[in-house]
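Please treat every number below as a calculation from the coordinates, not as lab data. All of these numbers come straight from a predicted model, not from anything done at the bench. Note that each Cβ is placed from the backbone with ideal geometry, even for glycine, and that neighbours are counted across all protein chains shown.
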RNA sequence: GGGCCCUUCGCCAAGUGGUAAGGCAACGGUUUGCAAAACCGUUAUUCCCCGGUUCGAAUCCGGGAGGGCCCUCCA
């Protein structure tokens with residue numbers, strides 16, 4: 001995997017054999033999640049799926065930052081309390097994750113539940129000479145850390161030249177950052193040796209990651225925009241506190257763009273997930289996020305989502321075909337759920353369908369093993385789909401219902417499902433716009449299909465085509481399959 | 001001023017020294033009464049440009065052009 005700290009790909013060797021601790025920076029919960037917030041969770045969910053499948057025991061933690069200046073401002077604006085905002089936005093965030101198939105996060109610790117740990121860490125940093133109280137605040141002293149800037153490869157002096165915010169009088173060096181912020185009247189606060197206040201922005205992640213994952217942890221992830229200052233500062237304060245490394249592998253995902261600009265709450269160009277989910281299937285959103293490499297920027301557009309919708313229909317049709325032929329539901333196929341080297345070894349098989357499927361699956365695994373190349377893996381998924389469809393066509397299993405072929409088809413589809421689940425795709429069957437399809441519609445369709453079948457039998461193709469064209473104008477497509485005519489809404 | 005990164009078919013996109021995956025779109029073919037779906041085939045002798053290294057480069061090095069992100073709000 002690519003490690004931001006070393007700026008190159010490295011073999012993944014966890015700190016403790018067999019176990020992996022992964023911490024990903026979650027949201028500051030002051031505004032509903034936009035699609036950009038989903039990139040990291042979906043990527044790291046996939047990372048965990050893969051690592052777990054390979055055999056590691058993975059603990060995956062995503063924090064919720066529920067106290068911050070932004071929350072205080074938002075609460076004032078909405079005339080409610082900070083916890084109310086935090087609660088509401090957190091609920092939205094969790095619902096979005098669930099919709100996108102992000103199920104692998106083990107814990108969502110909240111900053112406000114870790115004030116004692118945060119205070120203790122600040123005390124330790126002051127004790128070691130890395131931090132100093134100043135007018136009710138406490139700052140981290142950047143000049144006390146010789147390594148400062150190592151994550152982002154930056155020289156503190158050079159950074160001053162590009163500084164674009166006012167430097168507070170309370171700081172010793174312009175690069176110093178707040179560990180603790182004294183409260184102004186009316187602001188939410190907690191007692192501390194430096195006066196009532198709240199934690200600064202970066203300290204909560206350090207404190208929570210130590211508490212829930214220990215140190216050093218294996219993987220620390222987040223968006224590219226967190227690299228500086230958030231992660232640089234986390235790294236500095238953590239290593240000064242610990243006296244040893246904080247994180248072995250740093251992973252950063254690319255940012256989402258709209259119209260060539262970064263999507264962000266402050267740009268005001270964000271596409272809110274909950275609204276998007278009303279108009280597009282969640283699967284298409286997940287597919288979009290996984291279709292390019294996680295370190296690249298992703299351009300968001302509805303046109304692209306629509307295109308992916310067409311792509312997904314091809315998979316959907318296969319699942320329906322699979323059910324018609326095997327009488328089994330693709331979404332209920334039992335997979336192994338872990339790596340079995342024998343099953344991913346094509347050389348042990350004779351030429352043919354099974355061998356092709358295994359070799360495509362092995363290719364997919366190789367993609368994921370190479371810095372989580374989900375785009376390449378999706379390519380393999382498409383090739384597997386084509387191979388499955390080709391098998392159905394060549395074996396004529398739809399007409400013959402040959403039991404040997406059915407067994408092979410089920411095996412192939414099971415392998416495909418195992419691969420798709422590594423990406424979190426096709427987990428559940430997609431119900432297409434329910435409500436339209438009622439018993440009455442079903443009965444009427446059966447009648448029309450029967451009438452058309454009779455017309456065709458009588459060679460009255462004009463009538464048969466009239467029926468089909470009429471249905472087409474109602475967005476209903478008929479397909480004459482070997483086992484009879486089927487219909488679907490387009 | 002400094003740091004990081006990107007540029008591959010009409011669009012999206014994989015590929016990190018061994019001779020260009022995949023998707024969408026388009027066009028042929030098989031199939032079909034005709035369709036639909038599916039399958040097969042075609043669509044980049046070429047990877048922003050110019051040099052260099054190498055038996056061999058989209059991949060490495062140097063230079064140039066264009067674009068993005070970051071330098072204390074951000075996933």
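Worth pointing out:
- Peptide packing for A:318-324, A:187-193, A:37-43 was compared via the average number of neighbouring C-beta atoms within 10 Å per residue; ordered from the highest value, the list is A:37-43, A:318-324, A:187-193.
- Prolate/oblate/rounded label for the range A:382-485 (Cα gyration tensor, a/c 1.5): oblate
- Rounded to two decimals, the Cα radius of gyration of the range A:293-363 over 2.2 N^0.38 Å is 1.51.
- Between residue A:340 and residue A:78, the contour length at 0.36 nm per residue exceeds the alpha carbon distance by 88.9 nm.
- The order of the peptides A:102-113, A:16-27, A:301-312 by mean Cβ neighbours within 10 Å, most packed first, is A:16-27, A:102-113, A:301-312.
- Semi-axes of the equivalent ellipsoid for chain A, computed as √(5λ) from the eigenvalues of its C-alpha gyration tensor and ordered from largest down, come to 52, 27, 17 Å.
- Efficiency of FRET between residue A:317 and residue A:150 - r from beta-carbon atoms, R0 60 angstrom, step 0.05: 0.70
- Burial order of peptide ranges A:416-426, A:371-381 (average beta-carbon count within 10 Å, highest first): A:416-426, A:371-381
- As computed over the range A:122-253, the Cα convex hull volume per residue (Å³): 123 Å³
- Measuring max minus min along each principal axis, the C-alpha atoms of the range A:439-489 give extents of 29, 23, 18 Å (largest first).
- Degrees separating the helix A:232-242 axis from the principal Cα axis of chain A, which is the longest one: 60 degrees
- Taking every DSSP beta bridge that has both ends in chain A, the antiparallel portion is near 55%.
- The angle separating the long axis of helix A:35-54 from the principal Cα axis of greatest extent in chain A is about 80 degrees.
- The range A:174-279 - share of DSSP beta bridges that are antiparallel (%, nearest 5): 50 percent
- Using distinct alpha-carbon pairs, which all enter the 1/r mean, Kirkwood radius of the range A:2-279 in Å: 19.6 Å
- Cα-derived Rg to Rh of the range A:39-112, Kirkwood definition: 1.09
- With a Förster radius of 22 Å applied to the beta-carbon distance between residue A:399 and residue A:328, the computed FRET efficiency rounds to 0.75.
- Computed over the range A:2-279, relative contact order equals 26 percent, with contacts defined as Cα pairs under 8 Å that lie 6+ residues apart.
- Computed over the range A:340-437, the Cα gyration tensor eigenvalues convert (square root of 5λ each) into semi-axes of 23, 22, 10 Å, ordered from largest to smallest.
- When you restrict to C-alpha pairs under 8 Å that are six or more residues apart and normalise by the size of chain A, the relative contact order lands at 15 percent.
- Distance from the range A:381-407 to the range A:112-190 (C-alpha centre basis), Å: 63 Å
- Mean Cα-pair separation over length for the range A:281-399, i.e. relative contact order, pairs under 8 Å, 6 or more apart, %: 26 percent
- The simple Förster model, with R0 at 22 Å and r as the Cβ-Cβ distance, assigns residue A:429 and residue A:390 a FRET efficiency of 0.40.
- Convex hull projection area averaged over all views, the range A:160-231, Cα basis, nm²: 7.1 nm²
- Calculated translational diffusion coefficient of the range A:1-146 (4 °C, 1.567 mPa s; Stokes-Einstein with Kirkwood radius over alpha-carbon pairs) equals 72 µm²/s.
- Helix A:439-457 axis, angle to chain A major axis (alpha carbon atoms, nearest 10°): 40 degrees
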